Every structure is written in structure tokens, then in C-alpha cells.
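*Asks:* Input: one structure, supplied below.
The values are calculated or read from the model by the stated rules, or taken from the named source; none is laboratory data. This is a predicted model, so every value here is computed, not measured. Ideal geometry is used to build each Cβ from the backbone, glycine not excepted, and the neighbour counts take in all protein chains shown. Heads up: the accessible areas ignore ligands, DNA and RNA and are worked out on the full protein's heavy atoms, side chains in. Shrake-Rupley method; radii C 1.70, N 1.55, O 1.52, S 1.80 Å.
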Amino acid sequence: MGGSVKMVEETLKLAYGENSDLIKDKRIAAVQALSGTGACRLFADFQKRFSPDSQIYIPVPTWSNHHNIWRDAHVPQRTFHYYHPETKGLDFASLMDDIKNAPNGSFFLLHACAHNPTGVDPTEEQWKEISYQMKVKGHFAFFDMAYQGFASGDPERDAKSIRIFLEDGHLIGCAQSYAKNMGLYGQRIGCLSVVCEDEKQAVAVKSQLQQLARPMYSNPPVHGALIVSTILVSRKIHDLEYYSAIIGSLFSQGMADRIIGMRTTLRENLEKLGSPLSWEHITKQIGMFCYSGMTPEQVDRLTNEFHIYMTRNGRISMAGVTTGNVGYLANAIHEVTKSA
Ligand SMILES: Cc1ncc(COP(=O)(O)O)c(C=O)c1O
């Protein structure tokens with residue numbers, strides 16, 4: 001039920017660090033999960049079973065499936081401030097207030113990097129303050145890390161938020177996914193981990209996670225897990241050129257750089273067109289999405305008049321923006337926003 005031991009072992013090193021003491025001390029309970037969604041769901045069910053009266057604090061906005069996952073696990077939901085529509089950045093002050101005002105020992109869902117849908121991540125300093133305050137309050141942080149390596153192109157850098165919490169001695173939970181960074185969406189390969197007090201507790205928690213998995217889906221898939229473990233083990237053979245090439249594309253360095261480049265080009269195009277609005281947030285945000293700030297009505301116009309498609313909250317999938325269409329996109333955005 002726990003899936004590939006090798007894959008889980010290598011996956012933990014990505015999140016917790018190659019030389020993590022937590023791994024050495026066997027303090028992490030971890031199982032292969034059905035990608036990021038399955039990892040979140042397994043955790044939500046675990047939370048309900050072992051902390052039946054608890055709630056989950058979810059950022060506003062968030063990946064919409066988070067709401068469905070915790071709803072179906074019958075965990076009551078609360079929200080915390082995250083995005084500031086006017087600055088199109090982080091509403092840090094309100095976020096900190098919400099952490100302070102939540103009852104001690106609350107569960108908080110955090111996006112480890114490349115927040116979906118906003119592309120707005122706290123800075124390192126802000127993560128430190130969040131971690132500190134959450135420690136003071138005894139909150140439990142559950143990190144959803146669906147885009148490790150996809151934000152900066154460097155998986156280590158993208159795990160910084162988690163590492164800060166670990167340095168502060170938090171016992172965290174973490175959902176990892178290979179859907180985006182390894183392009184394995186259809187294989188449903190991921191991992192759920194929970195940091196425990198000691199090895200004995202980790203053995204018990206892992207056993208309980210497996211018991212939850214058994215009636216739900218029994219076993220996770222083998223094929224994708226073999227792909228992941230083969231690649232992750234091979235990545236340590238640095239002297240082989242062949243593997244270096246794989247590694248170059250592995251954690252989406254090329255993809256991350258391309259997206260960052262498209263952000264710059266889109267912004268430059270809008271500025272060249274003489275847009276009266278500020279588009280600074282396009283290049284400030286990170287990851288696969290750009291939370292453009294366009295209204296549902298403006299998005300409808302893009303769809304109906306220009307055949308450009310995005311979610312009605314104005315979220316652009318930057319992966320779909322190319323050198324071939326960025327000019328057309330900028331023109332269309334300018335058309336629908338210039339009189340705003
Ligand atoms: C924040 C977040 N969590 C989890 C997921 C789920 O990813 P997976 O395809 O691995 O289930 C996504 C994917 O869209 C996501 O954006």
C-alpha cells in the first residue's frame with residue numbers, strides 16, 4: 001500500500017534535503033500517493049480520523065480542488081488572507097493576523113512554491129516570520145508542493161519554505177507531485193509525508209496511512225514510480241553527459257526559464273502598446289500561472305472576440321504563452337483593458 005520504497009526514499013530527499021537528519025533518524029512517515037491530489041486527500045482523511053474536531057485553514061484564493069478535497073474528507077474549512085487584489089501581491093499583514101487569531105494548534109494549508117492560482121509566493125524573510133508565528137501558536141503546516149523545480153528551475157530553492165519550517169523544528173506534512181516537474185501527469189505519481197516525533201511514531205503513522213489507502217485505492221501505480229526512482233537515482237551520476245542532459249530538463253529548468261522569459265516579453269509588449277495599467281505583477285509572480293487581475297468580463301471578451309482562453313478569475317497559464325502568440329495575446333489584453 002505504501003508504494004515504491006525507493007521512489008519514496010528519493011522523493012523525501014528532494015523535499016527535506018539530501019542530508020536531512022529527519023530522514024537519517026527515520027522520523028518521516030511517508031507513502032507513495034496518487035500524485036499531489038491523492039497526497040492531499042490521504043492527508044485530509046488522516047486529519048479527519050486522528051484529529052476529528054480539527055479544521056483546515058486554506059488561503060484565499062487557492063487551487064479550487066483543495067476545497068473539494070477537504071470537503072469530501074469532512075474536515076471543516078476556514079480561510080486565511082493571502083492575495084491582495086490591489087497590489088496584486090501578498091497580503092502579508094492580514095495573513096499574519098489570521099495566523100495569530102486562529103485557535104492554537106490549527107492546521108494550515110500552505111503552497112510550498114509557485115502558489116496556484118496567484119503565482120505570488122512569500123519572500124524568504126516572510127516565510128521565516130510565518131514559520132516563527134506558527135510555531136508560537138503551535139499550528140501544523142501542511143505543505144502542498146505541486147511545482148517543485150517549476151518556479152525557479154531549482155528544486156532546492158523551491159523547497160526553501162519547507163526547509164525554513166524544518167529549521168524551526170516544526171512537524172510538518174507534505175504533498176509532493178511529479179505531474180508537472182517530470183511531466184508525469186497521467187502516471188499519478190506523488191508522495192505524502194508526515195514528520196513525526198520519533199521513529200516509533202513514524203512507523204505507526206505510516207501504518208495508519210496505509211490502512212487509509214487500502215480501502216480507497218489499495219495500491220499506487222508501479223510504472224511511473226519506476227520512472228521517477230530511476231531518474232532520481234541516475235541524477236547522482238553527474239559525470240555522465242547523458243544524465244546531465246536529462247537533469248537539465250528534469251526539474252523543468254528549461255521550462256521555468258522559458259516561462260520567466262515569456263513573462264518579461266508579455267509585460268514589455270503591453271508597455272510598448274502604451275497600456276495605462278501597471279503590469280509589473282506579471283514578472284513579479286512566479287510559476288506556471290499569471291494572476292493577471294483581469295475581470296471576468298474582460299476575460300469573456302478575450303474568449304469571445306479573440307479566442308483566447310483562461311479561467312474567469314483572470315489566471316493565465318503561462319505554459320501556453322509562446323514567442324509565436326505573445327504579441328497577439330498582449331494586443332488582445334490591451335484591447336480589453338485599456339479603458340479600465
Ligand atoms: C496547488 C496544487 N496542488 C495540487 C495539484 C495536483 O496535482 P496532481 O496532478 O499531482 O494531482 C495541483 C495541480 O493542478 C496544484 O496546482
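*Asks:* What's the extension gain from residue 6 to residue 214 if we count 0.36 nm per residue and subtract their Cα-Cα distance? Present the calculation step by step, with values, prior to reporting the outcome.
*Replies:* Details: separation 208, 0.36 × 208 = 74.88 nm, distance 2.00 nm.
Residue separation times 0.36 nm, minus the Cα-Cα distance, leaves 72.9 nm.
*Asks:* Now for a different question. Based on the Kirkwood radius over alpha-carbon pairs, what is the Stokes-Einstein translational diffusion coefficient of segment 143-242 at 10 °C with 1.306 mPa s viscosity, in µm²/s?
*Replies:* Working: Rh = 15.5 Å.
The Stokes-Einstein estimate is 102 µm²/s.
*Asks:* Just to check, using Stokes-Einstein with a Kirkwood Rh over alpha carbon pairs, what's the diffusion coefficient of the chain at 37 °C and 0.692 mPa s in µm²/s? Don't skip to the end; give the middle numbers.
*Replies:* Working: Rh = 20.9 Å.
Here the translational diffusion coefficient equals 157 µm²/s.
*Asks:* If Lys and Arg each add +1 and Asp and Glu each add -1, what is the summed charge of the other residues whose beta carbon sits under 12 Å from the beta carbon of residue 270? Don't skip to the end; give the middle numbers.
*Replies:* On the way: positive: 263, 267, 272, 338; negative: 268, 271, 280, 335.
In short, 0.
*Asks:* Nearest 10 degrees is fine. How inclined is helix 253-272 to the longest principal axis of the chain, computing both from alpha carbons?
*Replies:* 30 degrees
*Asks:* Okay, next question. Angle check, please: helix 35-50 long axis (alpha carbons) against the longest principal axis of the chain (alpha carbons), in degrees 0 to 90, nearest 10.
*Replies:* Once rounded, the angle reads 50 degrees.
*Asks:* In degrees between 0 and 90, to the nearest 10, how far off the longest principal axis of the chain does helix 92-101 point, with axes built from Cα atoms?
*Replies:* The answer is roughly 30 degrees.
*Asks:* Oh, and also: Given a 1.4 angstrom probe, what's the average accessible area per residue across the chain, in square angstrom? Display every interim value, and only then the final one.
*Replies:* On the way: 15150 Å² over 340 residues.
About 45 Å² of surface per residue is accessible.
*Asks:* Would you work out what percent of the accessible area of segment 18-175, with all protein chains in place, is carbon or sulfur (probe 1.4 Å)?
*Replies:* Numbers: 3000 of 6290 Å².
Whole-percent figure for carbon plus sulfur exposure: 48.
*Asks:* Please give, to one decimal in nm, the separation of the simple spin-label points placed at residue 230 and residue 171, each 7 Å out from Cα toward the Cβ.
*Replies:* 3.9 nm
*Asks:* Any idea what Rg and Dmax come out to for segment 253-337 if you just take the C-alpha atoms, in Å?
*Replies:* Cα only, segment 253-337: 11.8, 35 Å (Rg, Dmax).
*Asks:* What spacing in nm lies between the two simple spin-label points modelled at residue 64 and residue 328, each 7 Å away from Cα in the Cβ direction?
*Replies:* Inter-label distance under the simple model: 2.5 nm.
*Asks:* State the antiparallel share, in %, of DSSP beta bridges confined to the chain, rounding to the nearest 5. Please report the intermediate quantities before stating the final value.
*Replies:* On the way: 17 of 33 bridges.
Antiparallel: roughly 50 percent of the beta bridges in the chain.
*Asks:* Can you pull the percent of Cα pairs in segment 49-93 with separation above 13 Å? Please list the in-between numbers first.
*Replies:* On the way: 588 of 990 pairs.
When every Cα pair of segment 49-93 is considered, 59 percent fall beyond 13 Å.
*Asks:* Still on this structure, I have one more. For segment 139-218 and segment 50-98, write down the distance between their C-alpha centroids in whole Å.
*Replies:* Result: 18 Å between the Cα centres.
*Asks:* Quickly estimate the mean residue ellipticity at 222 nm for the chain, helices only: each DSSP H run with n ≥ 4 gives -39500 (n - 2.57), and the total goes over all residues, rounded to 500. Mind showing how you got there, number by number?
*Replies:* Details: 15 runs with 164 residues, N = 340.
So the helix-based figure for the chain works out to -14500 deg cm²/dmol.
*Asks:* If each residue of separation counts as 0.36 nm, what is the full-extension length gain between residue 306 and residue 338 once their alpha-carbon separation is subtracted? Don't skip to the answer; put the middle values down first.
*Replies:* On the way: separation 32, 0.36 × 32 = 11.52 nm, distance 1.53 nm.
So the chain would gain 10.0 nm between residue 306 and residue 338.
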